[in-house]
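The values are calculated or read from the model by the stated rules, or taken from the named source; none is laboratory data. Nothing here was measured: the structure is a model prediction, and the numbers come from that model. Every residue, glycine among them, receives a Cβ derived from its backbone with ideal geometry; neighbour counts consider all protein chains shown. Calculation scope for accessible area: heavy atoms of the full protein, side chains included, ligands and nucleic acids excluded. Shrake-Rupley method; radii C 1.70, N 1.55, O 1.52, S 1.80 Å.
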Amino acid sequence: MSIQSNSVPFQQEKRSWKIWWELIRPHTLTAAFVPVLIGTLLALIAEEVNWILFAAMLIASLLIQAATNLFNEYYDFKRGLDTAESVGIGGGIVRHGMTPKLIMNLALSFYAIALLLGVYICAVSSWWLAAVGLICMLTGYLYTGGPIPISSTPFGELFSGFFMGYVIILIAYFIQTGHVSGIVAIVAIPSLILVGLINMSNNLRDHDGDKANGRRTLPILLGREKGVRFMVIMFAIAYLWILVIVALGIITPWILLTLLSIPKAAKATKGFVGKTIPIEMMPAMKATAQTNTIFGLLLSIGLLISYFV
């Protein structure tokens, strides 16, 4: 109510492009962009790439991720989980006066465009992808929608990591080559882990609020301290995985460039140690997302170098 009472500043703020940009939570979009890039570059090493297909896949993935974020905002508001004082959300509804209907319609519009792009991708590659794509879209909705939201269970990290960090890589590779190789399935594992950890960092930040609202996220199940330890272990597994597959000759040694992202991962985990106030954990949460981005870009650079060398 107090937001809407200041009519002139409110209307100016509401029209700001920054509000719309924050609404789709851009720091999460790398979780959609990076896997598509990795899958496509792995395909490039194997054979030629259709860059129009790559663009269609990339845009569809970004739209699905943005829509998932909007569903999250809509249903968190409907369930009373978001208020004007909440930290880290887009805040389109609770802080900037946008209607829930507008948020839902925007999310559904993103899904509609992604669906059309999916039809094109299937027509050019394989209609078998239609089932996989629909499952991914349904999961994006059920993450915060439905009677038992995935985000309220201990499986949020697993679902987000598997579908956004792993399956997307396999699809991006498949639409270019017509098959999925064991090597791609192995190389995609660290991406699964790192995308899942983005969700983990969000749940660590929201630990107290989620617990008060009856949610059973993984950090609540493990406890805050064990949750941070779990994050450290998963980061270690991701980097050790790279070392092992290179040592076994499964993939080019150039992907060892990903090890340069370790300091950012260390910063992410240290940022959660001893912290209980959500705003204090925001830098650590952002560092977790940045780790995924840097790791993915370094992996992509390594794959590109191996292609040209």
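So the values come out like this:
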| quantity | calculated |
| --- | --- |
| Test for Glu22: is it at pLDDT 80 or above and either on the phi > 0 side of the Ramachandran plot or among the acidic types (Asp, Glu) (or both) | no |
| Residues located in region 275-304, provided they are touching a Ser or Thr at 6+ places or on another chain (Cβ under 8 Å), more than 24 Å from Arg205 (Cα to Cα) and not small (Gly, Ala, Ser) | Leu298, Leu299, Leu303 |
| Residue ID - nearest to Ile148 (Cα to Cα), chosen from residues in region 215-245 that are in contact (Cβ under 8 Å) with a residue 40 or more places away in the chain and open to solvent by 60 Å² or more (accessible area, probe 1.4 Å) | Arg216 |
| Selection within region 106-126 - over 13 Å from Gly140 (Cβ atoms) and either of a type outside the set (A, V, I, L, M) or open to solvent by less than 60 Å² (accessible area, probe 1.4 Å) (or both) | Leu106, Ser109, Ala112, Leu117, Tyr120, Ile121, Cys122, Ser125, Ser126 |
| Hey, Arg205 in contact with a Phe, Trp or Tyr (Cβ under 9 Å, 6 or more places away or on another chain), surrounded by fewer than 22 Cβ atoms within 10 Å (Cβ to Cβ) and farther than 30 Å from Leu256 by Cα or not | no |
| 1 or more residues of a type in the set (Phe, Trp, Tyr): qualifying helices (runs of 4 or more DSSP H) within region 206-307 | 224-247 |
| Meets criteria (at pLDDT below 90 and in a helix (DSSP H, G or I)) for Ser151 | yes |
| The listed residue being of a type in the set (Lys, Arg) and either within 23 Å of Thr30 (Cα to Cα) or at pLDDT 90 or above (or both), out of Arg215, Arg205 | Arg205 |
